[in-house]
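Read-outs: derived from the displayed coordinates by stated rules, not from any lab. Computed from a predicted model, the values in this text were never measured in an experiment. For neighbour counting, all protein chains shown are included, and Cβ atoms are generated from backbone atoms with ideal geometry for every residue, glycine included.
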Amino acid sequence: MMASAKDLTVQGELRYNEPMSRHTSWRAGGPAEVFFVPASIDDLSAFLAELDIDVPIFWHGVGSNLLVRDSGIPGVVVSAAKVLRDLERLDRYLVSAGAGVPCTALARQCIRWELGPSEFFAGIPGTVGGALAMNAGAHGGETWERVESVRTIDRAGEIHERAPGEYSVAYRSVKGPANEWFLAATMRFEQDVIPSIETLNNMLERRKTTQPLGLPSCGSVFRNPDGDHSARLIETAGLKGHRIGGAEVSDKHANFIINRDNASATDIEELIEHVRQTVLHEHGVELQHEVRIVGRPQS
């Protein structure tokens, strides 16, 4: 019989009732029932192989696009980003990037290797794994445009190599084999595209001047609807600066909700829903979440 998380012997760390506010960029959210930080891929594989099939698993990167409800996450949160940091050039145009590699680090290294187009990765907060999971993009580029293959692990601890054709990829949406998580991606860059450090630095400077980077947030809360921008719709609905509890719609970028004053996850979620309903009423446009909201709903 397979074991529950508390019965397992691991090389990494097992923490119980771990506050997810420590592991999300919003600095809010309830506890993970069990929080596992594997010491290696082998440790992760062995853990998954022994874990009872009925125990829920949530895969955590760096929490840059995540809202954990105040009631927390049942089961096991796997935080493997620290052991998925390999970044390797395979040949003239191919790069292997672990799911825990920050997208900005990928952009900078590809520029050193003169591999492009790669600058747009600097505009994506979080890691390669998160970018793969949602087809993240910035400045006209999208993650899966570069993907040659991916390596995944399933909940039995088995590792798979998969082609892009095994996934349904759309704007900020990726659907693939169930109960698998990204370990790494092989990415192909183009022969005649030389990236520019100046372009990358300009992108980073633009982020600083147009986004509230000094305050806890998740980046863009809503996807852009076809032919428009969520920030414009939210701003023209008069919502800049609107607050619920400690959560506030940013005055700097209306598609950012910031943790202004010890906001709870409930404050943030209620403000997200208020923005969505107001934009629907004012503009007739139903905004779709870009942020992922997880955990037990409030009773």
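Using only the alpha carbons of region 144-229, what is the convex hull's orientation-averaged projected area in square nanometres? Intermediate values should be presented prior to the final figure.
On the way: hull surface 35.0 nm².
If I average the Cα hull's projected area over directions, I get 8.7 nm².
Around the amide H of GLU18, modelled in the peptide plane, lie the amide H atoms of ALA32, PHE35, all under 5 Å away and 5 or more residues distant in sequence or on another chain. Each principal axis of the Cα cloud of region 212-294 was taken in turn, and the coordinate range along them, longest first, works out to 34, 24, 21 Å. Projecting the Cα positions of HIS242, ASN179, SER118 onto the charge dipole of the chain (unit charges on Cβ atoms of Lys, Arg, Asp and Glu, taken about the Cα centre) puts HIS242 furthest along the positive direction. Computed from the C-beta positions of SER196 and ARG89 and an R0 of 22 Å, the FRET efficiency is 0.70 to the nearest 0.05. Projecting label points 7 angstrom from Cα along Cα→Cβ for ARG188 and TYR171 puts them 2.6 nm apart. Neighbour counts of other Cβ atoms within 10 Å put VAL68, VAL10, VAL37 in the fewest-to-most order VAL10, VAL37, VAL68.
Length gain on complete extension for the stretch HIS160 to ARG15, per 0.36 nm per residue less the alpha carbon to alpha carbon distance? List each step's numbers first, then the result.
On the way: separation 145, 0.36 × 145 = 52.20 nm, distance 2.79 nm.
Gain on stretching HIS160 to ARG15: 49.4 nm.
The peptide list 120-132, 147-159, put in order of mean Cβ contacts within 10 Å with the highest first, becomes 120-132, 147-159.
Close amide H pairs (under 5 Å, H built 1.01 Å from N) link VAL174 with no residue at least 5 positions away or on another chain.
Can you tell me what percent of all Cα-Cα pairs in the chain are more than 31 Å apart?
Numbers: 14169 of 44551 pairs.
In whole percent, the long-distance tail amounts to 32.
Inter-part distance, region 60-97 to region 134-192, computed on C-alpha centroids, equals 13 Å. Largest GNM mean-square fluctuation among GLY100, GLY227, GLY246, using the chain with Cα springs under 10 Å: GLY227.
Using every pair of distinct Cα positions in region 85-188, the Kirkwood expression returns a hydrodynamic radius of 13.5 angstrom.
Charge dipole (Cα centre; +1 on Lys/Arg Cβ, -1 on Asp/Glu Cβ; no other charges) of the chain amounts to roughly 680 debye.
To the nearest 20 Debye, how big is the dipole of region 26-128 about its Cα centre, given +1 on the beta carbon of each Lys and Arg and -1 on that of each Asp and Glu? Provide the component values of the computation, followed by the final result.
Numbers: 8 positive and 12 negative charges, 115 e Å.
The dipole magnitude comes to about 560 debye.
Amide H contacts for LEU183 (H built 1.01 Å from N in the peptide plane; partners 5 or more residues away or on another chain; cut-off under 5 Å): ARG151, THR152, ILE153. Reducing region 225-299 and region 5-47 to their Cα centroids gives an inter-centroid distance of 29 Å. Considering all C-alpha pairs of region 5-82, those separated by over 20 Å amount to 26%.
Rank by packing, highest mean first: peptides 105-112, 84-91, with packing defined as the count of other Cβ atoms within 10 Å averaged across residues.
105-112, 84-91
Stretched out fully, how many nm does the piece from ARG232 to ILE293 gain, at 0.36 nm a residue minus the Cα gap? The partial results should precede the final answer.
Numbers: separation 61, 0.36 × 61 = 21.96 nm, distance 2.30 nm.
Between ARG232 and ILE293, full extension yields 19.7 nm more.
Rounded to the nearest 5, what is the percent of antiparallel bridges among the DSSP beta bridges in region 1-101? Beta bridges within region 1-101, antiparallel portion: roughly 50 percent. Which of THR143, THR209, HIS283 sits farthest toward the positive end of the charge dipole of the chain, with +1 on the Cβ of Lys and Arg and -1 on the Cβ of Asp and Glu? Working it through, the farthest residue towards the positive pole turns out to be THR209.
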